[in-house]
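The values are calculated or read from the model by the stated rules, or taken from the named source; none is laboratory data. As the structure is a computational prediction, the values presented were derived from the model and not from experiment. Neighbour counts are summed over all protein chains in view; Cβ atoms, including those assigned to glycine, are modelled from backbone coordinates with ideal geometry. Heads up: the accessible areas ignore ligands, DNA and RNA and are worked out on the full protein's heavy atoms, side chains in. Shrake-Rupley method; radii C 1.70, N 1.55, O 1.52, S 1.80 Å.
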Amino acid sequence: MMRMIHYHGLPITPATAAAYAIGGGHAFVSFAHAQQLNVAAELCQSFAIDNGAFSAWRGGNPVQDWRPYYAWAADCLRIPSCDFAVIPDVIDGDENANNRLLHEWPLPTWFGAPVWHMHETLARLEHLASRYPRVCIGSSGEYSVVGNPTWWKRIVEIMRVVCDDQGRPRVRLHGLRMLNPRVFTELPFASADSTNIGRNIGIDKSWSKGNYLPPTKETRAYVMRTRIESHNAPVTFNFERFK
């Protein structure tokens, strides 16, 4: 049975906690937070790299010059355990702006994974799925809240484009910020990522109930990782379930 790859987003601090979260597993390294690249390269089975566009956009300083990312990605390409790189995208841009970035991508097609934003046309999704071996799905626009009814309705439309009549995906799909078991256990993803571990191991109030609570960030990272990775993605999408 297919085993979906669970990419845990870095950075996770301290580094000892990162080791519990990704050691022998998989990591997602953002160009916006590249300080733990060496940790991923040394400890993981494999890792993927993200362009950092979302972090830059959320910080109010969208990326204008992608040449530093291209150089960094080229270096990562030479690391045997690096699976793929997310091709730069314009978070709030139109399809033409994102297509221009696809044409600008200087590295091999097999290594680059384009982002299809859920507010974009299904025609663009179909084009990307026919050209690239992997497509990243990003929640955006009116579909920015992962898991709400509007989002799920759009997902069904997406699956009709990228899957055959039996629900088998025609292309490898990666869910950006979709490493929630309630989400990925319904979708035939090859991989998904989130920064859930890094964001939550230090929030003490999230761990304040019960008699057997993990007291350290290292143990919390291990608990969260185990809970997430105990779930798998299905091989096919069940259209009947979402009628």
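Sort out which residues of segment 118-139 are open to solvent by 10 Å² or more (accessible area, probe 1.4 Å) and more than 16 Å from residue 191 (Cα to Cα), and write them in order of number. Result: 119, 121, 122, 123, 124, 126, 127, 130, 131. Residues that are open to solvent by less than 70 Å² (accessible area, probe 1.4 Å) and among the polar types (S, T, N, Q): does segment 40-52 have at least one? Yes: segment 40-52 contains one or more residues that are open to solvent by less than 70 Å² (accessible area, probe 1.4 Å) and among the polar types (S, T, N, Q).
Listed by first and then second residue, the pairs with beta-carbon distance under 7 Å, at least 6 apart or on different chains, first residue in segment 101-125 and more than 22 Å from residue 83 (Cα to Cα), second part of a loop (DSSP other than H, G, I, E, B), are 118/139; 118/140; 119/140.
What helices (runs of 4 or more DSSP H), lying completely within segment 150-240, carry at least 2 residues that are free of Cβ contacts under 8 Å to residues at least 12 places away in the same chain and not aromatic (Phe, Trp, Tyr)? Steps first, answer last, please.
Details: elements: 181-184, 196-200, 217-229.
Result: 217-229.
Candidates in segment 132-149 are the residues that are farther than 14 Å from residue 175 by Cβ and part of a helix (DSSP H, G or I); of these, the one that is modelled with the lowest pLDDT is 141.
Please verify whether residue 237 is at pLDDT 95 or above, hydrophobic (A, V, I, L, M, F, W, C) and closer than 18 Å to residue 25 by Cβ, treating the condition exactly as stated. First the steps, then the outcome.
Values: at pLDDT 95 or above: yes; hydrophobic (A, V, I, L, M, F, W, C): yes; closer than 18 Å to residue 25 by Cβ: no.
Criteria not met by residue 237.
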